[in-house]
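Note sheet for the following structure.
Just so it is clear, none of the values below were taken in a lab; they were calculated from the coordinates. Given the structure is predicted, the values throughout are model-derived calculations rather than measurements. Reconstructed Cβ throughout: ideal geometry from the backbone, glycine too, with neighbour counts over all protein chains shown.
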Amino acid sequence: MGAVPAPGSIRLRRDSGLYGYERALHRAGLDPVAGADEAGRGACAGPLVAGAVILGESKARRIEGLRDSKLLTPLARERLYDEITRKAVAWSVVAVEPEECDRLGMHVANLAALRRALLRLDVAPTYALTDGFSVDGLGVPGLAVWKGDRVAACVAAASILAKVTRDRIMTGLHETYPEYAFDVHKGYCTPLHQERLDAYGPSPTHRRRFVNVRRAARVDGVSSHDGVDDEQGEQGEARAS
């Protein structure tokens, strides 16, 4: 089996498993290692949420069944959330509200959320693994890992914390705005969400940069934000489970 290039002189085997990145970095003297991931970047309503996690090396702290949050059932995510928050060396979750997402744009808001989550950890990491995008301003080296929530344990754990936290927020928003069915689609651009958005217009928790939200605002007679770049809401992630 071939090796995958990793930071510096580190070599990571493709069959090294979900904890391979952490083990390789530990062997290189880079410890502790933090992972960060977000939930809600493709949604057109609700906050963007990011999580950061440092996992322990001992077998007692090992998280069984850890994987990308999108590949887990809601019940499994809830169970793993409890185990991660109990066993992790350090963890944090932050939310970027829709107004700030509109002001910054989703890409900048995404980087800001990941950065804030990592900087909020009670234990300062020596190295950071982030899902998909490089994050500066951390004061430590890091690596952007493609599909990091599927190949790095700490990133997978962060994805679960972010996803569960955001789902809970969206379920709470359903109590305030029941007409949008946020408890079902969690703010993602599904046909059901678009149907409700077209029927009722945007709520205060919708992101005005998204094309479909701006269109619904005009149809509803609500003034949309001028002078901002549209996010392609209808092409966002539609998975709500």
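Here are some notes:
- Model label sites at T85 and E175, defined 7 Å from Cα along the beta-carbon direction, differ in position by 1.6 nm.
- Calculated FRET efficiency, R61 to H107, Cβ-Cβ distance, R0 = 22 Å: about 0.05 to the nearest 0.05.
- Counted by Cβ distance under 15 Å from T130, the other residues give a net charge of -1, where Lys and Arg count +1 and Asp and Glu count -1.
- The stretch 34-131: equivalent-ellipsoid semi-axes (sqrt of 5 x gyration tensor eigenvalues, Cα, Å): 25, 17, 10
- Look at where the Cα atoms of the stretch 89-104 and of the stretch 17-31 average out, and the two centres are 28 Å apart.
- Loop-resident sites, the stretch 103-191, for chymotrypsin sites (Phe, Trp or Tyr not before Pro), counting at most 13 other Cβ within 10 Å (DSSP): W146
- Qualifying trypsin sites (Lys or Arg not before Pro) for the stretch 17-115 [loop in DSSP, other Cβ within 10 Å: at most 16]: R62
- Potential extension, D198-T73 segment - 0.36 nm per residue separation minus Cα distance: 42.0 nm
- Normalised alpha carbon radius of gyration of the stretch 85-197 [divisor 2.2 N^0.38 Å]: 1.18
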